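Everything on this sheet refers to the single structure shown next.
Throughout, read-outs are computed from the coordinates displayed, never taken from laboratory work. Values in this document were obtained by computation on a predicted structure and should not be read as measured data. Positions of Cβ are backbone-derived with ideal geometry, glycine not excepted, and every protein chain shown enters the neighbour counts.
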Amino acid sequence: MEKTMETNINLELTILMPCLNEGRTVSFCVKQALAYMKQRHIIGEVLVVDNGSEDHSFEIAGKAGARVIRCSEKGYGNALRFGIHQAKGKYIIMGDCDGSYDFLSLDEFMKQLRDGKELV
């Protein structure tokens, strides 16, 4: 998704991760996403949107290198919308931080976004 409002032109990509009590997996996911951007020379951020975790997910994600924000409105959709509005990248790729996504395999998503697709 390409952002048009308040885009920080220095960041090409935001990898957005809504989060609720993912303390056991969030660090791995954040580090994997950061490694992908480093390997591909992509200037970007990992944005974790904490939606009321009670297991220190917020702190763990921050220590792993993510920018972490809190969304006080409960619900997955609310966390996702809030994160989209807070994202600084030109493109946004969303993935859950429960270990079910391979954040090292984003090349096809990036190709499609760079080719002008609005939603991949």
(request) Please find, within segment 18-70, the residue that is nearest to residue 93 (Cα to Cα) out of those that are in a loop (DSSP other than H, G, I, E, B) and hydroxyl-bearing (Ser, Thr, Tyr). (result) 25
(request) Name the single residue, out of those in segment 18-46 being within 13 Å of residue 103 (Cα to Cα) and touching a helix residue (DSSP H, G or I) at 6+ places or on another chain (Cβ under 6 Å), that is surrounded by the fewest Cβ atoms within 10 Å (Cβ to Cβ). (result) 31
(request) For segment 71-120, name all the residues that are of a type in the set (D, E, K, R) and either touching a residue at least 24 places away in the same chain (Cβ under 8 Å) or assigned to a helix (DSSP H, G or I) (or both). (result) 81, 88, 90, 96, 98, 102, 107, 108, 111, 114, 118
(request) For residues that are among the small types (Gly, Ala, Ser) and under 12 Å from the mean Cα position of the chain (by Cα), tally how many sit in segment 50-103. (result) 8
